[in-house]
Amino acid sequence: MTYAITPAIPAGTLSASAQPSIPSHDGALLLRPWEAEDAPVLQRAFQDPAIRRWHTHHVNAPEEARDWIASSHRSWQHEQAVQWVIAWADGEPLGRMALRWMDLLHGLAECAYWVLPHARGAGVASRALATLTSWALDEAGFHRLELAHAVDNEVSCRVATKSGFALEGTRRGAHLQLDGWHDMHLHARVQGDA
């Protein structure tokens, strides 16, 4: 297929190299690819009620965790999505940061994250999101990053706003959760935003 526009990120650009590990600006955090040995952490994370409440996919068994991690590696190779472990610089896992879908033609992607209970309240999510944002907009070449969260998820709203993602509006009835349809706030950052 021939495009009428030049792709913002040519196909093969990201997958031409291994998924990067990305240190935060202060060096305290590291976004690194998920590895097989992270499977128990991933499975435990999805036992947390807050993570289960706001996420559609759940990981309930060791084999599901291993499959999820293997799938995350394939998604990078196919340039469809990318998942990272949020970790302290010493390697302790703190959560997940992701571009849950990527549109290379238009330079668009959607951010997603969660933080493990023991790491909440320390600014981990906002620092990890700032790290991802810098990489995606300044290095990878994305033009626009979106972030959607349930209107009732006030913590995610604070993380998005603190990280410079402007609230653009509400998508009504846009996301099905276990308890029904949720209205979603849509936040975004584009290249050049402060």
Report summary line: Note on W68: of the conditions (1) among the aromatic types (F, W, Y); (2) loosely packed, with under 12 Cβ neighbours inside 10 Å; (3) within 16 Å of the chain's Cα centre (by Cα), unmet is (2)
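Working only within the stretch 122-146, note down all residues that are in contact with a strand residue (DSSP E or B) (Cβ under 9 Å, 6 or more places away or on another chain) and either outside any helix (DSSP H, G or I) or of a type outside the set (A, V, I, L, M) (or both).
Answer for the stretch 122-146, where residues must be in contact with a strand residue (DSSP E or B) (Cβ under 9 Å, 6 or more places away or on another chain) and either outside any helix (DSSP H, G or I) or of a type outside the set (A, V, I, L, M) (or both): A122, R127, T131, T133, S134, W135, E139, F142, H143, R144, L145, E146.
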Query raised in the report: within 17 Å of L31 (Cα to Cα) and open to solvent by 20 Å² or more (accessible area, probe 1.4 Å) - does that describe any residue in the stretch 136-154?
Result: yes
Query raised in the report: If we keep just the residues of the stretch 98-124 that are touching a Lys or Arg at 6+ places or on another chain (Cβ under 9 Å) and aromatic (F, W, Y), which is farthest from A50 (Cα to Cα)?
Result: Y113
**Report entry** Failed criterion for H25 (all others in (1) under 22 Å from S126 (Cβ atoms); (2) surrounded by 19 or more Cβ atoms within 10 Å (Cβ to Cβ); (3) touching a residue at least 60 places away in the same chain (Cβ under 8 Å); (4) not acidic (D, E) hold)
**Finding:** (2)
Query raised in the report: Is it true that some residue in the stretch 29-42 is closer than 27 Å to E154 by Cα, open to solvent by 10 Å² or more (accessible area, probe 1.4 Å) and in contact with a helix residue (DSSP H, G or I) (Cβ under 7 Å, 6 or more places away or on another chain)?
Result: no
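Give me the residue from the stretch 53-64 that is in contact (Cβ under 8 Å) with a residue 12 or more places away in the chain and assigned to a helix (DSSP H, G or I) and, out of that set, surrounded by the most Cβ atoms within 10 Å (Cβ to Cβ).
Narrowing the stretch 53-64 to residues in contact (Cβ under 8 Å) with a residue 12 or more places away in the chain: 53-56, 58-62, 64.
Filter once more, keeping what is assigned to a helix (DSSP H, G or I): 53-54, 62, 64.
Working: R53: 13, W54: 18, P62: 12, E64: 16.
It comes out as W54.
Results for (1) over 25 Å from L30 (Cβ atoms); (2) of a type in the set (A, V, I, L, M, F, W, C); (3) open to solvent by 70 Å² or more (accessible area, probe 1.4 Å), shown as yes or no for each residue.
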| site | (1), (2), (3) |
| --- | --- |
| V85 | no, yes, no |
| L99 | no, yes, no |
| H106 | yes, no, yes |
| R158 | no, no, yes |
| G169 | yes, no, no |
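Take the conditions out of contact with any Asp or Glu (no Cβ under 9 Å at 6 or more places or on another chain), on the phi > 0 side of the Ramachandran plot, without any contact (Cβ under 8 Å) to a residue 40 or more places away in the chain and open to solvent by 30 Å² or more (accessible area, probe 1.4 Å) and apply them to G173. Does it pass?
no
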**Report entry** Any chance R100 is among the charged types (D, E, K, R), farther than 19 Å from V190 by Cβ and in contact with a strand residue (DSSP E or B) (Cβ under 8 Å, 6 or more places away or on another chain)
**Finding:** no
Requested in this report: Please name all residue pairs, on different chains or six or more residues apart, with Cβ atoms under 6 Å, provided the first residue is in the stretch 154-167 and is free of Cβ contacts under 8 Å to residues at least 40 places away in the same chain and within 17 Å of H182 (Cα to Cα) and the second residue is hydroxyl-bearing (S, T, Y) and open to solvent by 30 Å² or more (accessible area, probe 1.4 Å).
Outcome: none
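The values are calculated or read from the model by the stated rules, or taken from the named source; none is laboratory data. All of these numbers come straight from a predicted model, not from anything done at the bench. Note that each Cβ is placed from the backbone with ideal geometry, even for glycine, and that neighbours are counted across all protein chains shown. Ligands, DNA and RNA are stripped out before the accessible areas are found, and what is left, the full protein with its side chains, is counted by its heavy atoms. Shrake-Rupley method; radii C 1.70, N 1.55, O 1.52, S 1.80 Å.
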